[in-house]
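Encoded as structure tokens, the structure appears first; notes follow it.
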Amino acid sequence: MLGDIGVFPDSSRYYHEADTFTESYLYFAPHAGEYHCGRDYEVARDHLDVCQLMLIDEGELCVEYDGARRPAGKGTLVLLDCRKPHRYAAASDELRMRWFHFRGAGSEAYTNLITQTRGFVFPVDPAGNIAAGVSEILSAARQPHVNAHLLSARIHALLALLTLLPQHTHRSELEQMIDRSVAYIETHFGDADLSNESLAQMSALSSCYFIRQFKAVRGMTPHQYIQHVRIRNARQLLSTTSRSVESIAELCGFSNASHFIMVFKRMTGMTPLRFRLMWK
């Protein structure tokens with residue numbers, strides 16, 4: 001792979017095979033590298049079953065992803081879900097970057113959570129915890145035998161740090177509209193009439209368009225989000241109060257106790273009464 005166009009000979013790439021336990025339960029980095037590239041360097045893919053993180057140490061990379069094009073200069077971090085089409089190319093004569101692919105349960109969801117709220121290109125403090133986390137992961141990748149458990153913890157910790165970065169300073173009008181709908185659901189989940197249609201009407205959009213855009217921003221339909229909020233609050237009431245199942249069903253916006261029990265069991269794998277007994 002180091003024979004790729006634009007990758008200079010002083011570059012390094014590391015490969016590690018995951019064992020069955022690691023592949024099933026941990027975060028892991030199958031590929032990592034420290035690249036020194038020229039202006040000819042370019043990568044374009046339709047799909048790769050990993051996520052990727054790149055830290056630009058020198059020069060500039062141009063990144064196309066999720067319908068947008070962004071420059072990534074020195075001190076910038078790039079985060080991609082490579083299952084989506086993407087392209088990146090050197091935009092300077094000298095480009096140095098550290099990168100790794102990562103996989104594991106939740107890696108795709110974690111990456112999309114971060115990119116949806118913070119973008120896929122953002123600056124990081126070169127002396128801060130995020131840059132230090134990348135250095136630790138690359139240092140581990142250089143070793144012939146990697147401690148999979150420690151590496152998994154480092155990747156997870158790095159993703160957690162990324163969620164603490166400031167969110168977009170600018171939210172599109174559509175994103176702000178979805179945010180308002182989410183806030184309304186959080187405070188009006190007990191309204192039995194709350195629905196895709198009522199939310200769409202408040203947003204002055206057609207139901208089909210509203211549902212499609214809500215899912216694109218939030219990763220689930222409005223109805224799914226309503227049910228998620230209702231069940232979350234039902235769990236709180238079941239574990240902290242002695243209210244009856246019928247009362248909790250009504251408070252959480254369900255039309256009747258039978259419907260509440262059915263939805264609760266589908267989403268949690270147990271009945272409300274069993275959940276209450278478990279947390280007594």
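May I ask you to verify whether ARG69 is free of Cβ contacts under 8 Å to residues at least 12 places away in the same chain and open to solvent by 50 Å² or more (accessible area, probe 1.4 Å)?
Criteria met by ARG69.
For the subset of segment 239-254 comprising residues that are part of a helix (DSSP H, G or I) and at pLDDT 95 or above, which member is surrounded by the most Cβ atoms within 10 Å (Cβ to Cβ)?
ALA249
Taking only segment 203-240 into account, find how many residues are more than 25 Å from PHE260 (Cα to Cα), in contact with a helix residue (DSSP H, G or I) (Cβ under 7 Å, 6 or more places away or on another chain) and not small (Gly, Ala, Ser).
First pass over segment 203-240, keeping only residues more than 25 Å from PHE260 (Cα to Cα): 203-206, 208-210, 212-213, 216-217.
Narrowing the set further to residues that are in contact with a helix residue (DSSP H, G or I) (Cβ under 7 Å, 6 or more places away or on another chain) leaves 203, 206, 210, 213, 217.
Right, trim to not small (Gly, Ala, Ser) and you get 210, 213, 217.
Number of matching residues: 3.
So which residues in segment 180-191 are assigned to a helix (DSSP H, G or I) and either within 13 Å of ILE211 (Cα to Cα) or open to solvent by less than 50 Å² (accessible area, probe 1.4 Å) (or both), if there are any at all?
Result: SER181, VAL182, ILE185.
Which condition from (1) over 22 Å from GLY106 (Cβ atoms); (2) in a strand (DSSP E or B) is the one that ALA32 breaks?
Only one criterion in (1) over 22 Å from GLY106 (Cβ atoms); (2) in a strand (DSSP E or B) is unmet by ALA32, namely (1).
Please find, within segment 69-92, the residue that is modelled with the highest pLDDT out of those that are in a strand (DSSP E or B) and among the basic types (Lys, Arg). Don't jump to the end; show me each part of the working.
The first filter runs over segment 69-92 and keeps only residues in a strand (DSSP E or B), leaving 69-72, 76-81, 86-90.
When the remaining residues are screened for being among the basic types (Lys, Arg), the result is 69-70, 87.
Details: ARG69: 92, ARG70: 93, ARG87: 96.
My answer is ARG87.
Return only the number of the condition from (1) of a type in the set (A, V, I, L, M, F, W, C); (2) closer than 30 Å to ARG212 by Cβ; (3) not in a helix (DSSP H, G or I) that MET270 does not satisfy.
Here MET270 clears every test but (2).
Just checking, how many residues over segment 192-220 are open to solvent by less than 90 Å² (accessible area, probe 1.4 Å) and under 19 Å from THR115 (Cα atoms)?
Number satisfying all stated conditions: 6.
Any idea which residue in segment 93-111 is most open to solvent (accessible area, probe 1.4 Å), counting only those that are in a helix (DSSP H, G or I) and out of contact with any Lys or Arg (no Cβ under 9 Å at 6 or more places or on another chain)?
Residue satisfying both the conditions and the ranking: ALA109.
Scan segment 115-134 residue by residue and report those that are touching a residue at least 24 places away in the same chain (Cβ under 8 Å), over 12 Å from LEU53 (Cα atoms) and in a helix (DSSP H, G or I).
GLN116, THR117, ARG118, ASN129
Could you list, in sequence order, the residues of segment 255-277 that are of a type in the set (A, V, I, L, M, F, W, C) and buried (at least 16 other Cβ atoms within 10 Å of the Cβ)?
Within segment 255-277, the first condition is being of a type in the set (A, V, I, L, M, F, W, C), and the residues that meet it are 257, 260-264, 267, 270, 273, 275, 277.
Correct list: ALA257, PHE260, ILE261, VAL263, PHE264, MET267, PHE275.
Give segment 1-49 a look and list any residue that's of a type in the set (Val, Ile, Thr) and open to solvent by less than 40 Å² (accessible area, probe 1.4 Å), or say none.
VAL7, THR22, VAL43 - these are the residues of segment 1-49 that are of a type in the set (Val, Ile, Thr) and open to solvent by less than 40 Å² (accessible area, probe 1.4 Å).
With the requirement that a residue be more than 23 Å from the chain's Cα centre (by Cα), assigned to a loop (DSSP other than H, G, I, E, B) and closer than 17 Å to ALA183 by Cβ, what does segment 205-238 give you?
LEU205
So which residues in segment 50-68 are among the aliphatic types (A, V, I, L, M) and assigned to a strand (DSSP E or B), if there are any at all?
LEU53, MET54, LEU55, ILE56, LEU61, VAL63, ALA68
Taking the condition open to solvent by less than 50 Å² (accessible area, probe 1.4 Å), small (Gly, Ala, Ser) and part of a helix (DSSP H, G or I), does ALA140 pass?
Yes: the conditions hold for ALA140.
Pick out the one residue from PHE214, PHE264 that is at pLDDT below 95, of a type in the set (Phe, Trp, Tyr) and in contact with a Ser or Thr (Cβ under 8 Å, 6 or more places away or on another chain).
PHE214
The values are calculated or read from the model by the stated rules, or taken from the named source; none is laboratory data. Note that this is a predicted model, so its numbers are computed, not measured. Virtual Cβ from ideal backbone geometry, glycine too; neighbours counted across all protein chains shown. All accessible areas refer to the heavy atoms of the entire protein, side chains included, with ligands and DNA or RNA removed. Shrake-Rupley method; radii C 1.70, N 1.55, O 1.52, S 1.80 Å.
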